[in-house]
Amino acid sequence: MKVFILGVSGAVGRLLADDLSERGDAVSGLVRRDEQKFELSKRGVHASVGQLADMSVDSLGSMLRGVDAVVYTARSNGGARDVTAAIDGEGVIRALEATTLAGVHRFTLVSVMPEAGRDQDLSDDEGFYFAVKKLVDVTVSQSDLDWLILRPSMLIDRPGIGSVSLGPAQPHDEIAREDVAATLAALLHEPRIRRQILELTQGSTPIAFAVSANLP
Ligand SMILES: NC(=O)c1ccc[n+]([C@@H]2O[C@H](COP(=O)([O-])OP(=O)(O)OC[C@H]3O[C@@H](n4cnc5c(N)ncnc54)[C@H](OP(=O)(O)O)[C@@H]3O)[C@@H](O)[C@H]2O)c1
């Protein structure tokens, strides 16, 4: 399978690229800097260099042509509103349009649980980030593509345990980025799981079983 990852230089993106490569998939993606392209090429990932915020649907679409699935795991990190709007909002919509233009049928978005910021003293910019993420989920979920939205709980950097809780609604807790990447890889290898919003958190179900339990 050929998979293009937007956000391939990020923490989840890199782990996903490694998981897919180990499965024998061909991984490509978009990065912002030449040194990221060089570093990823040593790990077998073909990266193109470009600015997601400035890229047209046409130029993004030409990068996506010929792949089997597109994954969007880029994020602005809840900073300034214009960057959030560009990366967490318009960037996703343009990627969705570019996926359609390129004739690719599968689009997977890494989103957030809408209640992730609840009971926290969020700044206005952080509140804006969660609002943009939710609105984008609405748009993606209305697309004609074989879309999939994965909403992990709080991401942490610890070794994965290979088991998770995955389903339409999960409590907001935490999960290792390695387990998110492994779940994404397993979901990409299960094309029957499509047009679903799945929430993901730490749990005790082995990832392969957690994925098959969500088959329609
Ligand atoms: N943090 C959490 O607890 C949490 C919880 C649930 C869901 N999520 C979601 O999980 C996903 C992956 O998170 P992560 O930890 O892997 O994020 P990350 O390590 O911060 O990676 C973010 C990616 O987005 C790219 N990016 C950021 N700004 C950009 C810009 N202006 N133009 C182009 N690319 C840009 C980064 O590129 P560079 O390498 O060039 O910076 C990087 O590839 C995100 O969608 C996030 O919203 C996060």
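Put simply, when 114-127, 47-60 are sorted by average Cβ atoms within 10 angstrom per residue, most first, you get 47-60, 114-127.
Over all pairs of different C-alpha atoms, segment 129-216 has a mean inverse distance whose reciprocal, the Kirkwood radius, equals 13.2 Å.
On a per residue basis, the convex hull of the C-alpha atoms belonging to the chain measures out at 112 Å³. Take the Kirkwood radius over Cα pairs of segment 1-56, plug it into Stokes-Einstein at 37 °C and 0.692 mPa s, and you get 298 µm²/s for translational diffusion. Amide H contacts of ALA176 (H built 1.01 Å from N, in plane; Pro and chain starts excluded): ILE156 sit under 5 Å, all sequence-distant by 5 or more or on other chains.
Mind telling me which of ILE175, ILE161, ILE197 comes out most flexible in a GNM of the chain, alpha-carbon contacts under 10 Å? Checking each option, the largest mean-square fluctuation is seen for ILE161. A full extension of the chain between LYS42 and MET1 corresponds to an added length of 12.8 nm, given 0.36 nm per residue minus the alpha carbon distance. Extension gain for LEU155 to SER212 (0.36 nm times residue separation, less C-alpha to C-alpha distance): 18.2 nm.
Here, each number is a calculation from the coordinates, and none is a lab measurement. Every value quoted in this text rests on a predicted model; they were computed, and no experiment measured them. Neighbour counts are summed over all protein chains in view; Cβ atoms, including those assigned to glycine, are modelled from backbone coordinates with ideal geometry.
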